[in-house]
Amino acid sequence: MTVGEKGKLTELQLDRRVRERLLASGTLSAGTIEAHLGGLPDLEEQAEGIAVDQPALGASAQGSRVEPELDDEGAE
């Protein structure tokens, strides 16, 4: 398996699409990925939650949204 500088996986190798192809070809092992992920620091306490509208789920973080009224030509 080819790795980047200092024995770390490269960003390209960590890309989900590329990683799956490398795993299938045997170029990259599942153990290598697990070891890499296990070595990442836990930054959950430093994370900040954000509210994002989810209109497809029928929920809104900011309340109901009012659509502007449009004329026949699509202008406000």
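The values are calculated or read from the model by the stated rules, or taken from the named source; none is laboratory data. What you are looking at is a predicted structure, and each value in this text was computed from that prediction instead of being measured. Note that each Cβ is placed from the backbone with ideal geometry, even for glycine, and that neighbours are counted across all protein chains shown.
Quick notes
- Residue-level check: of (1) modelled with pLDDT of 90 or more; (2) touching a helix residue (DSSP H, G or I) at 6+ places or on another chain (Cβ under 7 Å), residue 9 misses just (1).
- Residues that are at pLDDT below 85 and polar (S, T, N, Q) occur at least once in segment 49-60.
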